[in-house]
Amino acid sequence: MDLLNAFVALANYVLVPGIAYGSQLALGALGVTLVYGILRFSNFAHGDTMALGAMSAVLITWGFQSLGLSLGVLPTALLALPFAIIITIGLLLGTDKLVYSFYREKKAKPVIFVIVSLGVTFVYNGITRFIIGAEDQRFLDGERFIISARDFKEMTGLEEGLAIKTTQGLTVVTAVIVVAALFWFLNKTRSGKSMRAYSDNEDLALLSGINPERVVMITWIIVACLATTAGVLYGLDKSFKPFTYFQLLLPIFAAAIVGGLGSPIGAIAGGFVIAFSEVTITYAWKKVFGYLAPEGLAPDGLVQLLSTDYKFAVSFVILLIVLLFKPTGLFKGQSV
């Protein structure tokens, strides 16, 4: 029984949160890797794009809640998500038209685009804080748990309980659907094949008659969908706070680079590598070891390698290691 209790504790505090967090990072990293692979620059504004998309969903959710609209056991934010995506699409296409297209016409170097995207980050962040403020905002409603720790204990008779939040299950299911739809689009549709051709060889794609402006537009539309979905799922699972999304930029970029920049599969794998690294290293293993260790040898301390305050440092260290020893990432993306 102690072995089962140890596994349940591990699942409760490491496996389930790691899978949910990894799904959120994977969606964010997919947006970063698409921009890098097709538009050929590192988009530092991606975190605050997620924040703006999530903010739109929060405001629309509050509007729906005030009107008495809901989805029952599911969060009302799912009802607001399509409208938030449309707003984010308009924002990104407008930003591209007003800002990025100018530098594309000038054929500016990628480093210029990076600096410009950093400027866009501050503008997005300022807009978000001005509209909704800098404090935590909660917009989760509906059923909180798929299964609660108390129900699990009653069903199994184990000492340790397993709780799975609705937002965690929703995150994983949504991520699977979004990723499947994205891969179908990239591999089966004419527009998706045009995007892949443009990413592989821009000059050859132009000679083949592919319209670069259409490719750019579709890329921003997909990035808006991914960023808004990831932002809303993260906000539902934790809470919405604008600065948190700026901090998320580090693990998202680490996930994209670990997997291989420009590789969608790599972005997904990198998201889970970063998520489980952060969760595992910052988890206090006292409870798990307490079940596994012989009687009298249970640890007195927390058995925690790093405090949760330093979880982003884990992403930074992994990023440094990958850049030093394997800059193309796990799936041999473009060298950083």
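The values are calculated or read from the model by the stated rules, or taken from the named source; none is laboratory data. Everything numeric here is computed off the predicted structure, so don't read it as measured data. Using ideal geometry, Cβ is built from the backbone for each residue, glycine included, and neighbour counts are taken over all protein chains shown. These accessible areas exclude ligands, DNA and RNA; they are computed on the full protein's heavy atoms, side chains included. Shrake-Rupley method; radii C 1.70, N 1.55, O 1.52, S 1.80 Å.
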Name the residues in segment 1-53 that are touching a Phe, Trp or Tyr at 6+ places or on another chain (Cβ under 7 Å) and among the polar types (S, T, N, Q), would you? N5, Q24, S42, T49
Test D48 against the criterion of being part of a helix (DSSP H, G or I), of a type in the set (D, E) and crowded, with 24+ Cβ neighbours inside 10 Å, and give yes or no. yes
Residue among A163, A149, A175, A205 that is touching a Phe, Trp or Tyr at 6+ places or on another chain (Cβ under 8 Å) and either of a type in the set (D, E, K, R) or in contact (Cβ under 8 Å) with a residue 40 or more places away in the chain (or both): A163
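A quick yes/no check of all residues on (1) open to solvent by less than 20 Å² (accessible area, probe 1.4 Å); (2) over 22 Å from the mean Cα position of the chain (by Cα):
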| residue | (1), (2) |
| --- | --- |
| I131 | no, yes |
| V172 | no, no |
| I177 | no, no |
| A181 | no, no |
| L186 | yes, no |
| T189 | no, yes |
| D203 | no, yes |
| C225 | no, no |
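Scan segment 290-304 for residues that are assigned to a loop (DSSP other than H, G, I, E, B), under 21 Å from V8 (Cα atoms) and either open to solvent by 100 Å² or more (accessible area, probe 1.4 Å) or small (G, A, S) (or both) and jot them down.
Scanning segment 290-304 gives A293, E295, L297, A298, D300, G301, L302.
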Restricting to segment 104-129, name every residue that is open to solvent by 70 Å² or more (accessible area, probe 1.4 Å) and among the aromatic types (F, W, Y). F122
Does L140 meet the test of being at pLDDT below 95, more than 24 Å from the chain's Cα centre (by Cα) and part of a loop (DSSP other than H, G, I, E, B)? no
Give just the number: which of (1) open to solvent by 20 Å² or more (accessible area, probe 1.4 Å); (2) in contact with a helix residue (DSSP H, G or I) (Cβ under 7 Å, 6 or more places away or on another chain) does L261 not satisfy? (1)
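Out of everything in segment 295-324 that is free of Cβ contacts under 8 Å to residues at least 24 places away in the same chain and of a type in the set (D, E, K, R), what residue ends up being farthest from P251 (Cα to Cα)?
E295
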Index of the failed condition, G209 passing every other in (1) open to solvent by 90 Å² or more (accessible area, probe 1.4 Å); (2) not in a helix (DSSP H, G or I): (1)
Residue satisfying condition, being among the aromatic types (F, W, Y) and within 21 Å of L79 (Cα to Cα), within set Y245, Y198, Y234: Y234
